[in-house]
Amino acid sequence: MYELIAKHCRSLKLGSRIVQNYKNIEAKTHEEFLEKLLAMEVEARERNRRNHMLKQARFDLIKTFGDYRFEKMTIPNSIDIEALRNASFIDKKENLILYGPVGLGKTHLATAIGVEACNQGRHVRFFRTASLVNQLLDAKAEGSLKRFLKQLEKVELLICDEWGFIPFEREGSQLLFQVISDCYERKSMIITTNLEFSKWNGIFYDEKLTSAIIDRIIHHSHLIVFDGPSDRLVNSLMRKQ
């Protein structure tokens with residue numbers, strides 16, 4: 001009987017975990033056994049879906065809200081911590097700008113929100129901004145820019161980390177502007193940066209382009225300001241010696 005069930009599970013392309021563990025299901029009736037078997041399959045598929053979403057997002061490191069502290073930031077009245085934790089701002093196509101010095105948890109917060117969005121089944125992509133620009137330039141040079149932008153169209157949350165750490169040439173700036181324009185009112189973005197808006201012209205070297213980018217980003221954005229000593233500096237091994 002069990003061999004026949006295993007055969008049917010494989011035919012139905014049920015998860016390998018079910019094929020391996022269905023013998024351990026305890027049930028008094030056939031209906032109860034079937035209910036537990038299907039629940040096991042639903043759980044396995046949900047777990048696989050979350051893992052697939054996390055893999056597609058390409059986070060540098062997986063960070064969650066588990067040990068995250070919100071003390072070093074000022075959150076505007078337009079959003080609250082719960083909306084960050086559950087990533088509900090994505091439903092409204094709103095953006096987050098995480099601004100402040102390095103080492104205060106901006107990337108951790110952006111990643112934790114992205115991970116939560118992935119757990120909800122949302123499409124997320126994480127980029128260091130310089131890497132995104134380089135990939136855009138490479139795609140254009142290889143004739144695959146249209147395909148690359150098509151892939152980004154599926155994204156519901158685009159995370160651009162370390163915005164402004166490296167200035168861009170004109171072509172790279174124009175391609176990044178195209179991505180920002182495609183996101184505008186269609187999906188959400190999270191930008192982490194240590195540069196105030198008045199200094200963004202130093203990234204793009206074009207006042208009109210800079211103004212156009214800022215205009216599109218801030219229209220539906222919440223500005224979260226970080227301040228305080230760097231966590232990395234406070235917790236560094238060198239300071240403990």
Query raised in the report: How much accessible area does ASP60 have with a 1.4 Å probe, in Å² rounded to the nearest 10?
Result: 90 Å²
Query - FRET efficiency estimate (nearest 0.05) - Cβ-Cβ, GLN120 to THR29, R0 35 angstrom - result: 0.50
Report task. Kindly rank 101-108, 188-195 from highest to lowest mean number of other beta carbons found within 10 Å of each residue. Result -> 188-195, 101-108
Query - Chain lengthening between SER131 and ASP91 when straightened (0.36 nm per residue, less Cα-Cα) - result: 11.7 nm
Query raised in the report: Mind checking Rg over Rh on the range 87-241, alpha carbons, Kirkwood formula for Rh?
Result: 0.98
Query raised in the report: In square angstrom, what is the accessible area per residue of the range 108-225 with a 1.4 angstrom probe?
Result: 47 Å²
Query raised in the report: Among the GluC sites (Glu not before Pro) within the range 125-218, which fall in a DSSP loop and have no more than 14 other Cβ atoms within 10 Å of their own Cβ?
Result: GLU169, GLU185, GLU196
Requested in this report: Estimate the FRET efficiency between ARG45 and GLU185 by the formula 1/(1 + (r/R0)^6), using the beta-carbon distance for r and 35 Å for R0, to the nearest 0.05.
Outcome: 0.60
Report summary line: GLN151 and GLN174 label points (each 7 Å along its Cα→Cβ direction) are spaced in nm at 2.3 nm
Report task. Set the Förster distance to 35 Å, then compute FRET efficiency between HIS220 and ASP67 from the Cβ-Cβ distance, nearest 0.05. Result -> 0.70
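The values are calculated or read from the model by the stated rules, or taken from the named source; none is laboratory data. As the structure is a computational prediction, the values presented were derived from the model and not from experiment. Neighbour counts run over all protein chains shown; Cβ positions are idealised from the backbone, glycine included. The area values use the complete protein model at the heavy-atom level, side chains included, leaving out ligands, DNA and RNA. Shrake-Rupley method; radii C 1.70, N 1.55, O 1.52, S 1.80 Å.
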